[in-house]
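Data block below; observations after.
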Amino acid sequence: MTQIYNFSAGPAVLPQEVLAQARDELVNWHGSGMSVMEMSHRGKEFMSIAAEAEADLRELMAIPANYKVLFLQGGAHNQFSMVPMNLLRGKKTVDYVNTGIWSEKAIAEAARYCDVNIAASSEDRNFTYAPTQGSWKLNPDAAYVHYTSNETIGGVEIFWTPETGNVPLVVDMSSHILSRPFDVSKFGVIYAGAQKNIGPAGLTIVIVRDDLIGEPVSGTPTMLDYKTHADNDSMYNTPPTYAIYMAGLVFKWLKAKGGLAAMEKINILKAGLLYDYLDSTGFYYSPIAKENRSRMNVPFRMKNDALDATFLEESKNHGLLQLKGHKLVGGMRASIYNAMPIEGVESLVDFMKSFEKRYG
Ligand code: PMP
């Protein structure tokens, strides 16, 4: 059978070892006689699974004690509204940095609640780079500053942490959380949908500093108030139990691999293989500025885009799946999250070389 590599942007590839463990434990978790899917979220078995997942995530990301880790639902989209609802605290303006499609979505949602100042934008060059901190026009009275540290569709990653003084920094880390170490203490809120670098869809992780919890705008629904979830260990309502279990297995896998610093090293290698090849040919190219090329999502194009459909068809037949670029930008995109082995990237580059030989 052809070796399959899955380059989906999300829901995305999971570590083979994790899938195998989940398979082995599917119908009878640790001799309990139950599948994790069948357990009460308030029973001791599941409570231990959730507590261990949280402890492992705290260890991996070195999350300080004055931050809550929330296991929520509703995707990163729900955070687009939970963030302003919980962080406005009587203020009327917020700062957003616009680096692409996901920033724009977050901005549109925030604009329903307050005045959004676009502190910086890379729209002038079709979102192919990220504005440097020096060009951000921050308002010291803003309730918070929001940015998207990795634009999944555009393939633009910001490798430095913005300085925002006393104004809380909020980040959508959906597509590169756990790809490298981040200094959590620099952030007010970090949020991420799980379905890229954490686990299956259905779980959204929010890491929020204690002092930002508890003053939502009036009328905020109970379920959208961070305090509801912080006060109830994310068990106010039924949490996405199986997704939390799977995320917990991924956290253990990451720890066994040496943690986030080790992940970063291998992610640099993997992305380097692909970008070096893209830069070495006249057949393909990366549209993204070198200093902002995402290590997780690598969009690429061919000079002759009439070949796109053939490339996608042949790559699929070769076992290289889901390489189609997002419909809003076209071209191709290889998402190479933590769970993508280096052999997958090597296989992609080999295929690209042979395609170039045949059609170049
Ligand atoms: N932000 C980013 C950076 C994303 O990549 C995505 C999903 N592709 C979202 C937000 C939206 O996530 P969800 O579908 O989980 O709401």
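Nothing in this text is a laboratory measurement; each read-out follows from the coordinates by a stated rule. Note that the coordinates shown come from a computational prediction; the quantities given were computed from them, not determined experimentally. Note that we place each Cβ from the backbone using ideal geometry, even for glycine, and neighbour counts take in every protein chain shown.
Suppose every Lys and Arg Cβ carries +1 and every Asp and Glu Cβ carries -1, with no other charges. What dipole size does region 258-359 come out with about its Cα centre, to the nearest 20 debye?
Approximately 200 debye in magnitude.
Can you tell me the length gained on complete extension of the stretch residue 305 to residue 55, counting 0.36 nm per residue apart and subtracting the Cα distance?
Taking residue 305 through residue 55 to full extension adds about 85.3 nm, to one decimal.
With helices defined as uninterrupted DSSP H runs, which ones in the chain have an alpha carbon span along their own long axis of at least 27 Å and mean Kyte-Doolittle hydropathy of at least -0.5?
259-280
For region 258-359, report the translational diffusion coefficient in µm²/s to the nearest whole number, using Stokes-Einstein at 20 °C, 1.002 mPa s, and a Kirkwood Rh over Cα pairs.
154 µm²/s
Which one of 329, 206, 94 has the biggest mean-square fluctuation once the chain is modelled by GNM with Cα springs under 10 Å?
Among 329, 206, 94, the largest mean-square fluctuation in the Gaussian network model of the chain belongs to 329.
How about residue 316: which aspartates and glutamates have a C-alpha closer than 13 Å to its C-alpha, ignoring those fewer than 8 places off in the same chain?
Answer for residue 316, where 13 Å is the Cα cut-off: 308, listed by chain and number.
Mind telling me which of 55, 111, 65 comes out most flexible in a GNM of the chain, alpha-carbon contacts under 10 Å?
Among 55, 111, 65, the largest mean-square fluctuation in the Gaussian network model of the chain belongs to 65.
Provide the FRET efficiency to the nearest 0.05 for the residue 235-residue 357 pair, computing r from the beta carbons and using R0 = 56 Å.
Result of the calculation: an efficiency of 0.50.
First select every other residue whose beta carbon is under 11 angstrom from the beta carbon of residue 256; then total the charges, Lys and Arg +1, Asp and Glu -1.
Every neighbour counted, the sum reads +1.
For the chain, calculate the relative contact order in percent as a whole number, restricting contacts to Cα pairs under 8 Å that are 6 or more residues apart.
Across the chain, relative contact order equals 23 percent.
Packing-wise, with mean Cβ within 10 Å as the measure, how do 169-176, 276-283, 192-199, 139-146 rank, highest first?
Per-residue mean Cβ counts within 10 Å order the peptides as 192-199, 169-176, 139-146, 276-283.
At q = 0.14 Å⁻¹, what is the base-10 log of I(q)/I(0) for the chain according to the Debye formula with one equal point scatterer per Cα and no solvent? Please give it to two decimals.
-1.18
Hey, which lysines would be in cross-link range of residue 68, C-alpha to C-alpha under 26 Å, not counting anything within fewer than 8 residues on its own chain?
44, 91, 92, 105, 186, 196, 227, 252, 255, 257
Once each part is reduced to its C-alpha centroid, what is the distance from region 338-357 to region 1-70 in angstrom?
Centre-to-centre distance over Cα atoms comes out at 29 Å.
May I ask you to order 308-319, 155-166 by the average number of other C-beta atoms within 10 Å around their residues, highest value first?
Going by the mean number of other Cβ atoms within 10 Å, highest first, we get 155-166, 308-319.
Before anything else, pin down the relative contact order of region 258-359: Cα pairs under 8 Å, at least 6 apart, normalised by residue count, whole percent.
Here the relative contact order equals 28 percent.
Positive end of the charge dipole of region 17-256 (Lys, Arg +1 and Asp, Glu -1 on Cβ, about the Cα centre): tell me which of 222, 61, 247 has its Cα farthest that way.
Result: 222.
Summing Lys, Arg as +1 and Asp, Glu as -1, what charge do residues with Cβ under 14 Å from the Cβ of residue 319 carry, residue 319 excluded?
-4
What 222 nm value per residue comes from the helices of the chain, counting each DSSP H run with n ≥ 4 as -39,500 (n - 2.57) and dividing by all residues, nearest 500 deg cm²/dmol?
Rounded to the nearest 500, the figure is -11000 deg cm²/dmol.
Summing +1 for each Lys or Arg and -1 for each Asp or Glu, what net charge is found among the other residues whose Cβ lies under 9 Å from the Cβ of residue 294?
Value of the local net charge: 0.
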